[in-house]
1. At 7 Å along the Cα-to-beta-carbon direction for both T41 and E29, put a label point, then send me their distance in nm to one decimal.
2. Taking the full set of protein chains and a 1.4 angstrom probe, give the accessible area of Y27 in square angstrom, rounded to the nearest 10.
3. Could you let me know the centre-to-centre spacing of region 56-102 and region 327-343, using Cα atoms, in angstrom?
4. Can you sort W65, W276 by solvent-accessible area, 1.4 Å probe, largest first?
5. Quick check: Cα centre of region 176-244 to Cα centre of region 127-149, how many Å?
6. Report the number of Lys pairs in the chain whose alpha-carbons are under 26 Å apart, with separation of 8 or more residues or on distinct chains.
7. How much accessible area per residue does the chain have, counting only protein heavy atoms and a probe of 1.4 Å, in square angstrom?
8. Given contacts defined as C-alpha pairs under 8 Å and at least six residues apart, what's the relative contact order of region 82-159, whole-number percent?
Amino acid sequence: MMSSTDKEITGDPIAFDDVEAMGESFYDEKWTDGLPVLAPTAERVEAMLGGRDGGELLGTMPPRWRRAHVHHVAVNAVLAGCRPEYFPVVLAGVRAILDPALNLYGVQGTTNPAGVMLVVNGPARTELDVNSGHNLFGQGWRANATIGRAIRLCMINIGGGLPVYGDMSTLGNPNKYGSCIAENEELSPWEPFHVERGFAADQSVVTAAGVTAPQNIAILSQDPIAILDGIAGALMSSGSNLVLFTAQPLVVIGPVHATHLARNGYDKKSIREYLWEKGTIDITGVGGTDGKAMREWKARCYHVDGDREIMRPTVTPEDIGLVIAGGKSGPHSAVLQPFNITQLVSKPVE
């Protein structure tokens with residue numbers, strides 16, 4: 001494991017007088033996200049590896065392009081408090097964020113508040129008790145908290161994504177401590193997210209997204225148009241990256257909203273098409289579009305709709321990721337805005 005100050009931990013054991021001394025040393029070396037960590041003893045790291053080849057190279061991790069070996073990931077999973085049975089999901093998550101399509105260099109170094117969120121599909125959801133229901137973005141689930149945190153600690157300790165030095169986010173957001181959810185496949189009226197993406201239903205899959213914190217959409221009406229208009233408005237708010245950049249957002253539709261939409265004949269394809277068609281920004285009469293960059297912007301997403309001048313997303317309807325998750329306690333959905341240039345990346349859990 002490496003620190004964010006470019007020091008490398010050798011293979012030699014590091015001795016501490018007590019747990020408190022270890023914690024303070026880790027804070028000083030910036031090997032933590034600011035929260036207490038579990039000591040990465042040789043025994044715990046070996047248990048996390050579970051017989052895997054720790055020397056396997058997964059790739060190089062930006063922004064400092066350090067080599068990410070399986071052993072490095074195991075150390076950070078221990079630090080995060082993961083159980084060994086979570087490690088295959090963590091590994092799949094690391095493979096996903098290292099895929100060039102996610103653009104981790106951009107996500108790590110941007111001034112945007114985006115971080116990485118994982119979505120788990122398939123049998124691993126229930127086997128590992130990854131929360132897909134009530135309060136899934138919140139506290140209370142060890143799997144969600146520690147798997148997401150392990151990815152973040154890898155981004156800090158391997159990639160060098162330390163605030164100011166590697167992570168230039170102006171504001172940041174709470175999910176940058178780590179974010180992991182599961183799709184609520186049991187309450188979804190449609191095929192699971194990973195099946196849409198070409199995997200078998202009985203296969204465990206992790207999808208990584210470079211996104212900001214969830215923006216809640218509370219629509220009390222059972223009218224599908226009211227629900228979709230609310231989501232579309234959040235998707236294309238005035239500060240949305242979808243106006244300027246080609247990026248793939250994630251929309252989490254709550255089970256109550258999903259039920260109303262399905263009952264009225266909507267499927268995922270028609271939902272995406274509606275969100276793209278209605279997710280617009282009215283720029284009628286707006287000035288300041290004479291510069292070259294603004295002209296190029298208008299050429300990509302400018303449309304005329306009757307007497308209105310509107311901007312639509314620069315992406316296609318198929319680029320909008322739809323996940324069904326959350327509890328049945330209320331009519332809520334969420335939009336997670338993407339980083340400027342990023343795609344959703346899915347990897348199987350091996």
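The values are calculated or read from the model by the stated rules, or taken from the named source; none is laboratory data. The model shown is predicted, which means the values in this text are computed figures rather than measured ones. A quick note on method: Cβ atoms are made from the backbone with ideal geometry, for glycine too, and the neighbour counts reach across all protein chains shown. Heavy atoms of the whole protein, side chains included, go into the accessibility calculation; ligands, DNA and RNA do not. Shrake-Rupley method; radii C 1.70, N 1.55, O 1.52, S 1.80 Å.
1. 1.7
2. 80
3. Region 56-102 and region 327-343 have Cα centres spaced 25 Å from each other.
4. On the way: W65 135, W276 55 Å².
Largest accessible area first, the residues go W65, W276.
5. Cα centroid to Cα centroid, the span is 17 Å.
6. Taking the chain as the scope, the lysine pair count is 11.
7. Numbers: 15260 Å² over 350 residues.
Dividing the accessible area of the chain by its residue count gives 44 Å².
8. Values: 43 pairs, mean separation 29.4, N = 78.
Normalised by residue count, the contact order of region 82-159 is 38 percent.
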